[in-house]
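**Student:** Can you keep this structure in mind? I'll have questions shortly.
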Amino acid sequence: MRFDVLTIFPELLQSFSECSLIGRAQRKELLTLCTTDLREFATDKHHTVDDEPYGGGGGMVMKAQPWIEAVRAVTELHPSPPHRILLTPQGQTLCEAKVRELANHERLLLLCGRYEAIDERVAELVVDEEISIGDYVLSGGELPAMVLIEAVSRQIPGVVGFNDSVVNDSFRKGLLDYPHYTRPEEVEGLVVPPVLRSGDHAKIDRWRQQQAESATREKRPDLWQRWQGRQR
Ligand code: ADE
């Protein structure tokens, strides 16, 4: 799978691209992450990418022309046409089902805005879908793009070392994760639940399922209701 990211801060993605999960996956040639600086597509000598808003009001608006040209140029970097996503608080909220759907694309092109907004014509002309990572406003789309890339990459076979950990991931089955423990057996008076040391794997599986259900019921009643609906 290939990810292209368009941003005025490519350096924000550098260590993300080189380290940990994404770095390892790129070295294994399971994915490619390619970042392009939007300013390369500004035509004036100061590489200006923003301007004052029509209609007045505070803040600056990102100009349409650099985005449109950049999206078209980046598209040409590779033969498969990208699914083009604008990261914005106005988008559809990212969830596990959407992550799995996006993982079916061969190539994603992520547009990371800054300032108050991007000229609306960009979304109309060169964007397929708008995605938000939650109902709060960040200063730009770079962190949301990294969130999306990591979540989608985890769906690619071989990216997460032990595949089981994706299969059992929180949300995959619509429930929160069960509690995990490692050595030592006791930490400040808190001991590991004895069932986990019993060696009885059927019993352990039952305990984990019960814990996942009770955690979901207590911490996320919204998910619990949906999960119960699906069991009927
Ligand atoms: N840009 C700024 N805030 C954002 C959010 N919550 N999700 C996606 N992109 C954003």
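The values are calculated or read from the model by the stated rules, or taken from the named source; none is laboratory data. This one's a predicted model, so the numbers in the text were calculated from it and none came from an experiment. Reconstructed Cβ throughout: ideal geometry from the backbone, glycine too, with neighbour counts over all protein chains shown. Protein only, heavy atoms only, side chains kept; ligands, DNA and RNA dropped before computing areas. Shrake-Rupley method; radii C 1.70, N 1.55, O 1.52, S 1.80 Å.
**Student:** Filter segment 113-135 for residues that are under 15 Å from the mean Cα position of the chain (by Cα) and either near the ligand (Cβ under 8 Å from one of its atoms) or open to solvent by 80 Å² or more (accessible area, probe 1.4 Å) (or both) and give the result.
**Tutor:** Ile131, Ser132, Ile133, Gly134, Asp135
**Student:** Of the residues that make up segment 58-79, is at least one closer than 17 Å to Ser132 by Cβ, charged (D, E, K, R), open to solvent by 30 Å² or more (accessible area, probe 1.4 Å) and not in a helix (DSSP H, G or I)?
**Tutor:** no
**Student:** Inspect all residues belonging to segment 85-100 and state whether any of them is modelled with pLDDT under 95, part of a loop (DSSP other than H, G, I, E, B), more than 10 Å from the ligand (Cβ to nearest atom) and within 20 Å of Met146 (Cα to Cα).
**Tutor:** no
**Student:** Could you check segment 27-51 and list, in sequence order, the residues that are within 23 Å of Val71 (Cα to Cα) and either within 17 Å of the chain's Cα centre (by Cα) or open to solvent by 60 Å² or more (accessible area, probe 1.4 Å) (or both)?
**Tutor:** Once the filter is applied, which keeps residues that are within 23 Å of Val71 (Cα to Cα) and either within 17 Å of the chain's Cα centre (by Cα) or open to solvent by 60 Å² or more (accessible area, probe 1.4 Å) (or both), segment 27-51 yields Leu31, Thr32, Leu33, Cys34, Thr35, Arg39, Glu40, Thr43, Lys45, His46, His47, Asp51.
**Student:** For Phe162, work out the one condition from (1) in contact (Cβ under 8 Å) with a residue 12 or more places away in the chain; (2) away from the ligand (no atom under 11 Å from the Cβ); (3) of a type in the set (Phe, Trp, Tyr) it doesn't fulfil.
**Tutor:** The failed condition is (1).
**Student:** Among the residues that make up segment 143-156, is at least one of them away from the ligand (no atom under 16 Å from the Cβ), among the charged types (D, E, K, R) and either in a helix (DSSP H, G or I) or crowded, with 16+ Cβ neighbours inside 10 Å (or both)?
**Tutor:** Yes, segment 143-156 has at least one match.
To keep it simple, each residue is scored yes or no on (1) at pLDDT below 95; (2) among the β-branched types (Val, Ile, Thr); (3) touching a Leu at 6+ places or on another chain (Cβ under 9 Å).
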residue: Gly158; (1), (2), (3): no, no, yes
residue: Asn163; (1), (2), (3): yes, no, no
residue: Lys203; (1), (2), (3): no, no, no
residue: Gln210; (1), (2), (3): no, no, no
residue: Thr216; (1), (2), (3): no, yes, yes
residue: Arg230; (1), (2), (3): yes, no, no
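**Student:** Would you tally the residues in segment 171-226 being farther than 28 Å from Cys95 by Cβ and touching a Lys or Arg at 6+ places or on another chain (Cβ under 8 Å)?
**Tutor:** Within segment 171-226, residues that are farther than 28 Å from Cys95 by Cβ and touching a Lys or Arg at 6+ places or on another chain (Cβ under 8 Å) number 2.
**Student:** Test Cys95 against the stated conditions and say whether it is in contact with a Ser or Thr (Cβ under 7 Å, 6 or more places away or on another chain) and not polar (S, T, N, Q).
**Tutor:** Against the criterion (in contact with a Ser or Thr (Cβ under 7 Å, 6 or more places away or on another chain) and not polar (S, T, N, Q)), Cys95 does not qualify.
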